[in-house]
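The values are calculated or read from the model by the stated rules, or taken from the named source; none is laboratory data. Predicted model only: the values in this text are computed from it and were never measured. Positions of Cβ are backbone-derived with ideal geometry, glycine not excepted, and every protein chain shown enters the neighbour counts. The area values use the complete protein model at the heavy-atom level, side chains included, leaving out ligands, DNA and RNA. Shrake-Rupley method; radii C 1.70, N 1.55, O 1.52, S 1.80 Å.
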Amino acid sequence: MASAKETYRAELRAAARQLGERCLYSAAKWAAELLVGVDLDAAPAPSAAMDSPSSSSAAAGRLLHLHRSGGSSFRHRPRPGGGSSSEAGTPLGGVSYASTPIPDDDAFDSGGDKYLLAKTYFDCREYRRAAHVLQNQAGRKAVFLRCYALYMAGEKRKEAEMIELEGSLGKSNAVNQELVALERELSTHRRTGSIDSFGLYLYGLVLRDKGCEGLARTILVESVNSYPWNWSAWSELQSLCTSSDILNNLNLKNHWMKDFFLASTYLELKMHEEALKRYERLMGVFRCSGYIQAQIATVQYSMRDLDEAEMIFEELLRTDPFRVDSMDIYSNLLYAKESLTALSFLAHRVFLTDKYRPESCCIIANYYSLKGQHEKSVLYFQRALKLNRKYLSAWTLMGHEYVELKNTPAAIDAYRRAVDINPRDFRAWYGLGQIYEMMGMPFYALYYFRKSSYLQPNDARLWIAMAQCYESDPLQMIEEAIKCYERAANSNDTEGIALHQLAKLHGMLGQSEEAAFYYKKNLERMEVEERQGQNFVEALLFLAKHYKSIGSFEEAEHYCTRLLDYTGPEKETAKNMLQGIKRLQSGFPSMDIDHFAL
């Protein structure tokens, strides 16, 4: 009996060929890349069901840590409680298919010559000619390509109408005129049972475009259950899973491809720990997969583990120097770290590799933004959107650039276009909140900040923004601001803004004990990070006054003494306080026993 890894190779090899023959090029590319990512030396362990995040055992969780060691070798750093590599050796989600099912009309039959001609026309983007050639062909494969060609012809015409009516980035009500006829034909084929998994995938696309999301999910589930290697179908299904409840209610068969889908969907739904566990499990067999490594880096970036993510992206570029996929996320990471040199190198590399990819334009835009050249940055984001109008990151980041340029209407439009594409994009909601706060409309701003924090509840920056809005002059809702700062402090606020503000606000409310608690906590944080500044001095001064007021003279003297190391009015205040403390201490009667004698 063939080993599991040989089964994966056989399935993926057949899938790449079948998908390519049906002009599903993205899915064919994905399957082929995964095929060469199978670890030749992987030792599969017995399969274990992975139907839910909780079913992944701790032994399977290992943190990927990439580094160079003579060629491209990848090592895992075990997590606490993690098991040996053999325990995570298989990504099987239960029972895998024994062999790849070959579609009925996969053979080169009497209509094969016409199919070959139609495919050639399709490759040349002559979609209507391709559909016309297959007009009288009844095979499932020919029916799919004909319908797919009509769908693409409709999309091509829709794009042209949008540009003609509103410009390359304008809004338009243009629709794909082929959808109605395609829905009628494909629904008939489904009722009569004369449709294959590829036809079901196309039917799902048509229903999604018509807004029938519930039925589209059902059809796409049928498609992936009957042919699980079409990653395009999984991706469309993922786009329709907007909540964990919807995801958990999908009736999916247990197949190892299901684990790729679940991991990707968990990442989209911000379930980062669950996504990381899935990908680390899959790495047990697909150890050399660039896709999985890029996804793990994306998870690490989303979890704000920038150093770990950067290391993985660097290794990816060393092993695949002409890679553009996922490099836009790497550019976001370098932007966040303000690594101008590395970002410049990446922008130059993708420019020479393929400057007309949307990702390349986005990377170059990030480079110009980091240099402060915001007009040029907007230009490249616009180029990215001309190439792909649904490129979510480009809309959001272009909104940020318009904010820098003080172009408020354009920023609002960009952010709204982003949330139209993906209502779960917390960055766009956050951007809208910032815009309305700048416009002096705090209640609107709070609405958008709440949306962003709901989607990304563990991001301290969002809670801080909401707190500052509550704290602003028009509102002065201090209690609400305190609640938000507390959430931020519990969400890994690396800059310490929340602790400092909590201390100040409690001080304003006369709650000196609470203020002292937060000042002390913030002081400890700054000492560990070896940071000093005005906040450090302010904390020392408040604690000195607080402990003096409650009679803890030793504590007060300690903080006053530390203040003497600084220049400015605080030093003089500390000197005066020390003198006052000494007077107070000397004013107490002696503790000699004779003092209490009668």
Centre separation in Å (Cα based) which lies between segment 314-387 and segment 472-515: 37
Within-10-Å neighbourhood charge of L240 [Cβ basis; K, R +1; D, E -1]: 0
J(HN,Hα) series, segment 491-496, from Karplus relation 6.51 cos²θ - 1.76 cosθ + 1.60, nearest Hz, glycine and proline x: 10, 6, 6, 5, 8, x
Candidate residues D305, D245: accessible-area rank, largest first, probe 1.4 Å: D245, D305
Subset of K337/K376; K29/K355; K371/K521; K141/K355; K210/K390 violating a 27 Å alpha-carbon distance limit: K371/K521; K141/K355
Residue-level accessible surface for L509, protein heavy atoms, 1.4 Å, Å²: 70
Table column - 3J(HN,Hα) (Hz), segment 467-477, Karplus curve with 6.51, -1.76, 1.60, x for Gly and Pro: 4, 5, 5, 4, 7, 5, 4, x, 9, 6, 9
Protection-proxy order for peptides 291-301, 216-226, each taking the mean of Cβ atoms within 10 Å per residue, highest first: 291-301, 216-226
Cα-projected label distance for D307 with A10, points at 7 Å along beta-carbon direction, nm: 4.7
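Of all trypsin sites (Lys or Arg not before Pro) in segment 319-369, which ones are in loop regions per DSSP and have a Cβ with at most 15 other Cβ atoms within 10 Å? The partial results should precede the final answer.
Details: sites: R323, K337, R349, K355; in loops: R323, K337, K355.
Here the sparse-neighbourhood loop sites are K337, K355.
In debye, nearest 20, what is the charge dipole magnitude of segment 532-587 about its Cα centre with +1 on Lys and Arg Cβ and -1 on Asp and Glu Cβ, if you could check?
I would put it at about 200 debye.
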Per residue accessible area of segment 532-587, 1.4 Å probe, in Å²: 57
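Stokes-Einstein diffusion coefficient for segment 532-587 at 37 °C in a medium of 0.692 mPa s, Rh from the Kirkwood formula over Cα pairs: what value in µm²/s?
Using the Kirkwood radius from Cα pairs, D works out to 300 µm²/s.
What length, rounded to one decimal in nm, is gained on full extension from E155 through to S552, with 0.36 nm per residue of separation minus their alpha-carbon distance?
Details: separation 397, 0.36 × 397 = 142.92 nm, distance 7.53 nm.
Full extension of this stretch gives 135.4 nm more.
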Charge tally in the Cβ shell below 10 Å around L462, where Lys, Arg are +1 and Asp, Glu are -1, L462 excluded: +4
Carbon + sulfur, % of accessible area of segment 532-587 - ligands and nucleic acids excluded, 1.4 Å: 48
Selected from N332, F345, Q373, residue furthest toward positive end of dipole (segment 263-390; charges at beta carbon): Q373
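Set the Förster distance to 45 Å, then compute FRET efficiency between V180 and S344 from the Cβ-Cβ distance, nearest 0.05. Could the numbers behind the result be given before it?
Numbers: r = 50 Å, r/R0 = 1.10.
It comes to 0.35.
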Largest-first ordering by accessible area, 1.4 Å probe, given options D425, D413: D413, D425
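Rg to Rh for segment 467-598: what is it, with Cα atoms only and Rh by Kirkwood? List each step's numbers first, then the result.
On the way: Rg = 18.1 Å, Rh = 16.4 Å.
Rg/Rh for segment 467-598 comes to 1.10.
For segment 431-496, what class follows from the C-alpha gyration tensor (a ≥ b ≥ c being the square roots of its eigenvalues): rounded when a/c is under 1.5, otherwise prolate if a/b is larger than b/c, else oblate? Display every interim value, and only then the final one.
Details: a/c = 2.02, a/b = 1.34, b/c = 1.50.
Cα axes put segment 431-496 in the oblate bin.
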Accessible area (Å², 1.4 Å probe, nearest 10) - L584: 80
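How much accessible area per residue does segment 224-321 have, in Å², with a 1.4 Å probe?
Values: 2910 Å² over 98 residues.
Here the residues of segment 224-321 average 30 Å² of exposed surface.
Counting other C-beta atoms within 10 Å, and keeping those with at most 11, which DSSP coil GluC sites (Glu not before Pro) do you find in segment 495-562?
Details: sites: E495, E513, E514, E524, E527, E529, E530, E538, E554, E555, E557; in loops: E495, E529, E530.
Passing both the DSSP loop test and the Cβ count: E529, E530.
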Two-site FRET efficiency, N576 against Q532, from Cβ-Cβ distance with R₀ of 22 Å, rounded to 0.05: 0.45
Listed residue (C560, L578, F542) projecting farthest to the positive dipole end of segment 532-587, Cβ model: L578
Table column - 3J(HN,Hα) (Hz), segment 247-254, Karplus curve with 6.51, -1.76, 1.60, x for Gly and Pro: 4, 5, 8, 6, 8, 9, 6, 7
Under-5 Å amide H pairs with F286, H placed in peptide plane, nonlocal only: D39
